[in-house]
1. Among the small types (Gly, Ala, Ser), in a helix (DSSP H, G or I) and modelled with pLDDT under 95 - does that describe any residue in segment 11-26?
2. Go through segment 51-101 and give me each residue that's buried (at least 17 other Cβ atoms within 10 Å of the Cβ) and among the acidic types (Asp, Glu).
3. Applying the selection to segment 28-50, what residues are of a type in the set (Lys, Arg) and part of a strand (DSSP E or B)?
4. Collect the residues in segment 87-122 that are aliphatic (A, V, I, L, M) and touching a helix residue (DSSP H, G or I) at 6+ places or on another chain (Cβ under 8 Å), keeping them in residue-number order.
5. Please go through segment 102-114 and give me each residue that is surrounded by fewer than 17 Cβ atoms within 10 Å (Cβ to Cβ) and not aromatic (Phe, Trp, Tyr), ordered by number.
6. Of everything in segment 115-136 that's hydrophobic (A, V, I, L, M, F, W, C) and over 21 Å from residue 99 (Cα atoms), which residue is surrounded by the most Cβ atoms within 10 Å (Cβ to Cβ)?
7. Of all helices (runs of 4 or more DSSP H) completely enclosed by segment 51-147, which ones contain at least 3 residues that are touching a Lys or Arg at 6+ places or on another chain (Cβ under 9 Å)?
8. In contact (Cβ under 8 Å) with a residue 12 or more places away in the chain and under 19 Å from residue 41 (Cα atoms): is that true of residue 115 in this structure?
Amino acid sequence: MRDVFAKPPSPPDKGLAVVMASPSAGECRSLRSICGYWKWRLHEARSCQEALLLARKHHVPVVISEPSLADGDWRTILDGLAELPEQPRLIVSSRLADHHLWADVLSLGGYDVLITPFDPTEVSRVVFLAWQSAIQERDLKAAANVA
């Protein structure tokens, strides 16, 4: 039987933290399982405001959000994340991930789109690559400030 948690391109960082903005207990439970496997910390939010507070408080490099929440949508979160000194990567999760959503997310500065229900291999890959992207940007900014 195939391992549903296939390894990302290189070992994941055990200190990786993720915020999930979703009112869906099922989606959070699924992501909690994937994060638990990798020993990543998951902070769960039910609203845009809560997600932004958690992202600020815990300095997370990756935020995953459903397209629509009670107090806004993924764009609300993306706008809020842009105000942070080290901007986390935003991944939008949706059952109806079509090319329009993908194009909107990417053109407005989001990192990627994940289809739900979550596929553990795809989540691991996308979250790990988003984390790598955030770390590389942080390191480039630090190097520019030293020079």
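The values are calculated or read from the model by the stated rules, or taken from the named source; none is laboratory data. Values in this document were obtained by computation on a predicted structure and should not be read as measured data. All Cβ positions, glycine included, derive from the backbone under ideal geometry; neighbour counts span all protein chains shown.
1. Yes, segment 11-26 contains a residue that is among the small types (Gly, Ala, Ser), in a helix (DSSP H, G or I) and modelled with pLDDT under 95.
2. 66
3. Selection gives 41 alone.
4. Matches in segment 87-122: 90, 91, 92, 105, 108, 113, 114, 115.
5. Passing the criteria: 103, 104, 106, 107, 108, 109.
6. Step one: filter segment 115-136 for residues hydrophobic (A, V, I, L, M, F, W, C), giving 115, 118, 123, 126-131, 134-135.
Keeping just the survivors that are over 21 Å from residue 99 (Cα atoms) gives 128, 131, 134-135.
Numbers: 128: 21, 131: 24, 134: 19, 135: 14.
Looking at the filtered set, the residue picked out is 131.
7. Output list reads 120-146.
8. Here the answer is no, as residue 115 does not meet what is asked.
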